[in-house]
């Protein structure tokens, strides 16, 4: 049974405290009919186990990070060893939007969107300059329906132990949601004829692993902010550039409901370092993204690119990978020359595979000045492939 809330379109009066932790969205596209609800979900899965000493304060976290990123071969810390079985009952905060007017059959094509590390589901449906940055509004205008949700530990979804959630947690959640949407659940009167799974960053690696294991959950895949060439993923550099801090220490009013396993970066400049590239963004856009940030779990951060080498050879349907030309997180600042492989090899059976480098943008593809150009690449790809 879904628990729902009315789509009022009203923003909270105190955004510093509750802006993105509420089930109701702060913006509803005027061209859509939207609903917000909680999806109950039961999980039982295997995942890597966090076996390092858990930090209890910021000083211990800093020592953990310095040991983790020391020169290879210098008795580096190993944080995740072996696997453990995880079970539980949770709730996923989700939104579903379908076109208000444009009904030509495409509304039965449902895009299931998974956000990355840093944002929540408002990544796809921002209240800030929606004509420039709102993917949901753009997709609705093209006739598509969109299901988007807060990953576990984020936004209004169930908060779980930050030391006990990894990319595999996100993967099994997506697999469950997509399977049920294909069965006609969670989308009201619109019953999905086709399902497109789409991710951003961590959400793209999650989606990549999900469809590699269970290709039957979707009819097309869109991966944004992804790079499968591991030479472009500078993990030690990212740990340093993110400057991780304990989220409930940085902002106890907003993140006090999460334990010490949840981290965040300290300032907008750390966000810009990893997610934006001048001159293709406006400072006020970065400030908005900073105001909307969500903590990320230690386990997610340590496993975010772990599926990069996994083959998706079972996938024989349309696949689009689109990443910013200057992506700092997955291409170490420059994607040309390393973006195409091993993507072509890992998706050798995709029909078709389209690899697109979006000019000028860094990692936050949805929030650079040419974001609607990227949105157009996505919807054009779906349209020309019969979706």
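The values are calculated or read from the model by the stated rules, or taken from the named source; none is laboratory data. Quick caveat: nothing in here was measured; it's all calculated off a predicted structure. Cβ placement follows ideal geometry from the backbone for every residue including glycine, while neighbour counts extend to all protein chains displayed.
Filter region 71-101 down to the residues that are touching a strand residue (DSSP E or B) at 6+ places or on another chain (Cβ under 7 Å) and in a loop (DSSP other than H, G, I, E, B), then identify the one that is surrounded by the most Cβ atoms within 10 Å (Cβ to Cβ).
Checked region 71-101; the qualifying residue surrounded by the most Cβ atoms within 10 Å (Cβ to Cβ) is 79.
Taking region 50-67 as the search range and keeping residues that are surrounded by fewer than 18 Cβ atoms within 10 Å (Cβ to Cβ) and touching a strand residue (DSSP E or B) at 6+ places or on another chain (Cβ under 7 Å), which one is farthest from residue 210 (Cα to Cα)?
58
Kindly provide the set of residues from region 24-70 that are in a loop (DSSP other than H, G, I, E, B) and closer than 30 Å to residue 100 by Cα, ordered by number.
Of all residues in region 24-70, those in a loop (DSSP other than H, G, I, E, B) come to 24-31, 51-57, 69-70.
24, 25, 26, 27, 28, 29, 30, 31, listed by residue number.
Output the residue which, of all residues in region 173-185 that are surrounded by 21 or more Cβ atoms within 10 Å (Cβ to Cβ) and in contact with a strand residue (DSSP E or B) (Cβ under 6 Å, 6 or more places away or on another chain), is farthest from residue 323 (Cα to Cα).
181
So which of 329, 272, 322, 357 ends up being out of contact with any strand residue (DSSP E or B) (no Cβ under 8 Å at 6 or more places or on another chain) and either closer than 17 Å to residue 231 by Cβ or not in a helix (DSSP H, G or I) (or both)? Show your work before the answer.
On the way: 272 fails: either closer than 17 Å to residue 231 by Cβ or not in a helix (DSSP H, G or I) (or both); 322 fails: out of contact with any strand residue (DSSP E or B) (no Cβ under 8 Å at 6 or more places or on another chain); 357 fails: out of contact with any strand residue (DSSP E or B) (no Cβ under 8 Å at 6 or more places or on another chain).
Result: 329 is the single residue among 329, 272, 322, 357 that is out of contact with any strand residue (DSSP E or B) (no Cβ under 8 Å at 6 or more places or on another chain) and either closer than 17 Å to residue 231 by Cβ or not in a helix (DSSP H, G or I) (or both).
Would you tally the residues in region 277-308 being part of a helix (DSSP H, G or I) and surrounded by fewer than 20 Cβ atoms within 10 Å (Cβ to Cβ)? Outline the logic, then answer.
Step one: filter region 277-308 for residues part of a helix (DSSP H, G or I), giving 283-291, 298-303.
Narrowing further to those that are surrounded by fewer than 20 Cβ atoms within 10 Å (Cβ to Cβ): 283-284, 286-288, 290-291, 302.
Number of matching residues: 8.
For region 160-181, indicate whether the set of residues that are farther than 30 Å from residue 303 by Cβ and touching a residue at least 24 places away in the same chain (Cβ under 8 Å) is non-empty.
From region 160-181, those farther than 30 Å from residue 303 by Cβ are none; that's our starting set.
Scanning region 160-181, I find no residue that is farther than 30 Å from residue 303 by Cβ and touching a residue at least 24 places away in the same chain (Cβ under 8 Å), so the answer is no.
Can you tell me how many residues within region 262-278 are more than 26 Å from residue 162 (Cβ to Cβ) and free of Cβ contacts under 8 Å to residues at least 40 places away in the same chain? Lay out the reasoning, then the answer.
Going through region 262-278, the residues more than 26 Å from residue 162 (Cβ to Cβ) turn out to be 277-278.
Those left that are additionally free of Cβ contacts under 8 Å to residues at least 40 places away in the same chain: 278.
Here the count works out to 1.
Restricting the first residue to region 130-159 and requiring it to be at positive phi and touching a residue at least 24 places away in the same chain (Cβ under 8 Å), which pairs with a second residue that is buried (at least 24 other Cβ atoms within 10 Å of the Cβ) and in a helix (DSSP H, G or I) meet a Cβ separation below 7 Å and a spacing of at least six or different chains?
Matching pairs, first to second residue: 155/121.
Considering only residues that are in contact with a helix residue (DSSP H, G or I) (Cβ under 9 Å, 6 or more places away or on another chain) and crowded, with 24+ Cβ neighbours inside 10 Å, which ones fall in region 118-133?
Start the filter on region 118-133 by keeping residues that are in contact with a helix residue (DSSP H, G or I) (Cβ under 9 Å, 6 or more places away or on another chain), which leaves 118-119, 123-133.
Matches in region 118-133: 118, 119, 123, 124, 125, 126, 133.
Cβ-Cβ below 6 Å, separation at least six or inter-chain, first residue in region 8-36 and at positive phi and at pLDDT below 95, second surrounded by 18 or more Cβ atoms within 10 Å (Cβ to Cβ) and part of a loop (DSSP other than H, G, I, E, B): which pairs?
9/28
Against the conditions (1) surrounded by fewer than 22 Cβ atoms within 10 Å (Cβ to Cβ); (2) in contact with a strand residue (DSSP E or B) (Cβ under 7 Å, 6 or more places away or on another chain), where does residue 347 fall short? Just the number, please.
Going through (1) surrounded by fewer than 22 Cβ atoms within 10 Å (Cβ to Cβ); (2) in contact with a strand residue (DSSP E or B) (Cβ under 7 Å, 6 or more places away or on another chain) one by one, residue 347 breaks only (1).
Name the single residue, out of those in region 227-260 being touching a strand residue (DSSP E or B) at 6+ places or on another chain (Cβ under 6 Å) and in a helix (DSSP H, G or I), that is surrounded by the most Cβ atoms within 10 Å (Cβ to Cβ).
Ranking the candidates gives 247 first.
Taking the stated definitions as given, is residue 222 surrounded by fewer than 22 Cβ atoms within 10 Å (Cβ to Cβ) and under 19 Å from the mean Cα position of the chain (by Cα)? Working first, answer last.
Working: surrounded by fewer than 22 Cβ atoms within 10 Å (Cβ to Cβ): no; under 19 Å from the mean Cα position of the chain (by Cα): yes.
For residue 222, the condition - surrounded by fewer than 22 Cβ atoms within 10 Å (Cβ to Cβ) and under 19 Å from the mean Cα position of the chain (by Cα) - is not met.
Looking at the structure I just gave you, is residue 378 surrounded by fewer than 22 Cβ atoms within 10 Å (Cβ to Cβ) and closer than 24 Å to residue 111 by Cβ?
Criteria not met by residue 378.
Given the structure, is residue 285 over 22 Å from residue 331 (Cα atoms) and at pLDDT 95 or above? Quick ask: steps written out before the conclusion?
Details: over 22 Å from residue 331 (Cα atoms): yes; at pLDDT 95 or above: yes.
Yes: the conditions hold for residue 285.
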